[in-house]
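One structure is given below, encoded as structure tokens.
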Amino acid sequence: MDFSQYLAGPSAALRLADLGARVIKVENPKTGDNSRHLSLKNMFSDGDSVNFQAINREKESFAADLKNPHDLQMVKRLVAQADVLVENFRPGVMKKFGLDWEGTSALNTRLVYATVTGYGTEGPWRSKPGQDLLVQSLSGLAYMNGNGDQPPTPFGISIVDTFTGTHLTEGVLACLVRRAKTGRGGRVEVSLLESALYLQLEGLTTYFNGNHQLPIRSKVNNAHPYVGAPYGIYETKDGYIAISMGSVLEVGKILSCEALQAYPDPDSWFPQRDEIKQILCEHLRTRTTGEWLALLDQAHYWSSEVLDWKQMSESDGFQALHFVQDIHRCGNTPLYTTRCPIHYNGELLRTQKGAPRLGEDGEKIIADFQLDGKEAEER
């Protein structure tokens, strides 16, 4: 049962659907999941945002007004038969309806109850709005991006929401394994803030064990504030090239950049990274990306061209993954989105089932689980 909205909770339920679960999305009959109306680039299809449809494919929709006693009773009957419940309401909302952990575990001792919050249930931030950009900002994540003379730079995707959903899925699956051994369910909780902090494991560990010295972003082509030259993305004559970790002396020899031989001490490659990178910037602009890659590949030095989405999606490497799938509602235009990244026994996890219209599966769900009959009352 997916009571959640927007991205973090629904993406966890989506992953469970990809893995074979039957996922029933419980929605307000008037508005549904608010992300039905929240679009990226104003893109809608068949009355719902394209973004909502990508995140909620493969699910069923059950419209229920939790303030209505009849609807609430049906929802509780469904809870009594469920394996997993996912919710991301503000603290206290589910308790009002008896659908918090204590209430639902009394109905179903085998239930795995999964909760997403913005900042946890304790502390002075617990009531702050849990939104991706805000969490990136509060967690320090934005200070890892951009050059040193630029303002804090957020990621251009909802990276915190996405990873929080992944962490919730991991917790749910682990709890299901435990239930198989003990016969009892359990409670799984994650927060956007904790997921954002975990994403910074390397950097925060360095900070806590390095006299609490703040990371300083390179002023030239910053890619990681704790990694020295030549690590970064550089402009070439016709595009860009990414150069990974390695020896400054070696890359200088490969690229015939004699100026880099002035930095023989590896200990200098971090504190003097800006001047080393500046030398590389000027040198790499003199030839094309393809010319530089030919030299670096031949020497087995880690490097890559830098692609935009058009270039990437047209590449042989992307095509070999078969990563795009078309999903659709009955009689509706196909919608192209990504598939689950997991392979099972060499098989791809693909689907053509699109996101449900609001409440479209209500009658089937009521019949399948006897939510409105005597048998359910006896259960």
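The values are calculated or read from the model by the stated rules, or taken from the named source; none is laboratory data. Bear in mind the structure is a predicted one, so any value in this text is a computation, not a measurement. Cβ placement follows ideal geometry from the backbone for every residue including glycine, while neighbour counts extend to all protein chains displayed.
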Considering only residues that are assigned to a helix (DSSP H, G or I) and modelled with pLDDT of 90 or more, which ones fall in the stretch 354-379? G362, E363, K364, I365, I366, A367, D368
Residues of the stretch 272-302 being under 14 Å from E235 (Cβ atoms) and hydroxyl-bearing (S, T, Y), which ones? T286, T288, T289
Pick from the stretch 345-372, criterion among the aliphatic types (A, V, I, L, M) and under 32 Å from the mean Cα position of the chain (by Cα), ranking: surrounded by the fewest Cβ atoms within 10 Å (Cβ to Cβ): L348
Return the residues of the stretch 156-202 that are farther than 27 Å from V79 by Cβ and among the charged types (D, E, K, R); say none if nothing qualifies. E202
Considering residues of the stretch 223-240 that are aliphatic (A, V, I, L, M) and not in a strand (DSSP E or B) only, the residue surrounded by the most Cβ atoms within 10 Å (Cβ to Cβ): A229
Within the stretch 162-185, does at least one residue satisfy the condition of being over 16 Å from the mean Cα position of the chain (by Cα), of a type in the set (S, T, N, Q) and within 21 Å of Y207 (Cα to Cα)? no
Residue list for the stretch 302-329, restricted to those being farther than 24 Å from K219 by Cβ, touching a strand residue (DSSP E or B) at 6+ places or on another chain (Cβ under 8 Å) and not polar (S, T, N, Q): E305, H322, F323, V324, D326, I327, H328
Residue check: is E170 closer than 18 Å to Y6 by Cβ and of a type in the set (D, E, K, R)? no
Which one is farthest from A223 (Cα to Cα), of the residues in the stretch 234-284 that are within 35 Å of the chain's Cα centre (by Cα) and basic (K, R)? K237
List every residue pair whose Cβ atoms sit under 6 Å apart, with the two residues 6 or more apart in sequence or on different chains, where the first one lies in the stretch 329-346 and is over 16 Å from M43 (Cα atoms) and the second, anywhere, is in a strand (DSSP E or B). R339/Q325
Inside the stretch 129-158, can you point out the residues that are out of contact with any helix residue (DSSP H, G or I) (no Cβ under 7 Å at 6 or more places or on another chain) and in a loop (DSSP other than H, G, I, E, B)? P129, Q131, G140, N145, G146, N147, G148, D149, Q150, P151, G156, I157
If only one of V220, V190 is at pLDDT 95 or above and surrounded by fewer than 21 Cβ atoms within 10 Å (Cβ to Cβ), which one is it? V220
Quick check on A180: is it closer than 21 Å to R273 by Cα, free of Cβ contacts under 8 Å to residues at least 60 places away in the same chain and not β-branched (V, I, T)? no
Are there any pairs, at least 6 apart or on different chains, whose C-beta atoms fall under 8 Å, with the first in the stretch 139-165 and at positive phi and the second assigned to a loop (DSSP other than H, G, I, E, B), and if so, which? G140/Q200; G146/P152; G146/T153; G146/R217; G146/N222
Determine whether the stretch 257-268 contains at least one residue that is charged (D, E, K, R) and touching a residue at least 12 places away in the same chain (Cβ under 8 Å). no
If you take the residues in the stretch 193-211 that are modelled with pLDDT of 95 or more and in a loop (DSSP other than H, G, I, E, B), which one is surrounded by the most Cβ atoms within 10 Å (Cβ to Cβ)? Q200
State yes or no: is T351 polar (S, T, N, Q), within 30 Å of V75 (Cβ to Cβ) and not in a strand (DSSP E or B)? yes
Within the stretch 89-104, is even one residue touching a Ser or Thr at 6+ places or on another chain (Cβ under 7 Å), within 22 Å of Q131 (Cα to Cα) and touching a residue at least 24 places away in the same chain (Cβ under 8 Å)? yes
